[in-house]
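Beneath this line is the structure, given in structure tokens, with notes to follow.
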Amino acid sequence: MNPRRDVWIWLGIGVVALAAAVMSFDALRRLAVRAGVVAELAWLLPLAIDAAVLVATRAWLVGYTSARVSGYARNLAFGALTLSVAGNAAEHGMAAYAIATPWWVVVAVSAVPPTMLGAIAHLAALAATERHTTDTAATDRQPVSATATTQRHTDSAPSTSDDAATRAAAPPDPTLAATSEHAALPPGGKAARMRATFERYRDEGRLDELTGAALARSADATPSLGRRYLAQWRAELDTVADTDEHAA
């Protein structure tokens, strides 16, 4: 049975998530009131913490090519989750044993909103920088690939009948475009590691055996990211091969 179509699995996930979210939300709201936050704004404390957990987890698992973005998002997700657990435990402990709210709890609760704001703003800046870098690299690769293709076309012009026959029989060489693509990737990132795996399969003549899931596993990325890069790089090789065939 396909887990994606199993209604009971998704129903169970929804029930657990809803129950845990409501209980955590209520505990953190009461903690905010206990710390001196007005009741009309107390609900913003659990919203800030739980929303940070969701956003950071999404940024971590979506598969950014930069290890810096993924690493920061992972740390933020675990940090915000730990803060939520600590807040729940503190509120229930003080309520169960009728403990007066210590001053340090008031200070800690007051520090949460600006801390979450700064952490999320930093994540947004990292993600925006990553996207800008990726877009710039993609733009810069276009002239390089075009120049390489033009150069191959120039080199393919026959000077004699023997040279023309030799070049017509030569297999297409996609290495120039692939090298430009690989050089523009952030070093140490998931995309760079997946590109290295892609090139290894290509050099071994086993590219047809490579799947998106296998490509993703080589870089600890999501399967969807692996499939996307695999389709993109295969399309680039096919385009270069078709161009060379027409030129020949």
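Taken together, the values in this text are just the output of simple stated rules run on the coordinates, not laboratory data. The structure presented is a predicted model; accordingly, all values stated were derived computationally and were not measured. All Cβ positions, glycine included, derive from the backbone under ideal geometry; neighbour counts span all protein chains shown.
Couple of notes before you dig in:
- The packing ranking, built from the mean of other Cβ atoms within 10 Å per residue, places the peptides 46-56, 112-122 in the order 46-56, 112-122, highest first.
- Rounded to the nearest Hz, the phi-derived 3J(HN,Hα) couplings of the stretch 24-38 under the Karplus curve 6.51 cos²θ - 1.76 cosθ + 1.60 (θ = phi - 60°) are 5, 4, 5, 5, 5, 5, 5, 5, 5, 5, 4, 7, x, 6, 5, where x marks glycine and proline.
- Listed by Cβ neighbour count within 10 Å, with the fewest neighbours leading, TYR201, TYR229 appear as TYR201, TYR229.
- Tensor-based shape of the stretch 3-132 (alpha-carbon gyration tensor, a/c under 1.5 rounded, otherwise prolate or oblate): oblate
- The label point for VAL22 and the one for ASP220, both projected 7 Å from the Cα toward the Cβ, are 3.8 nm apart.
- The slack between LEU54 and ALA89, meaning 0.36 nm per residue of separation minus the straight C-alpha distance, is 10.6 nm.
- Taken along the Cα-to-beta-carbon direction at a fixed 7 Å, the label points for THR129 and VAL38 span 3.8 nm.
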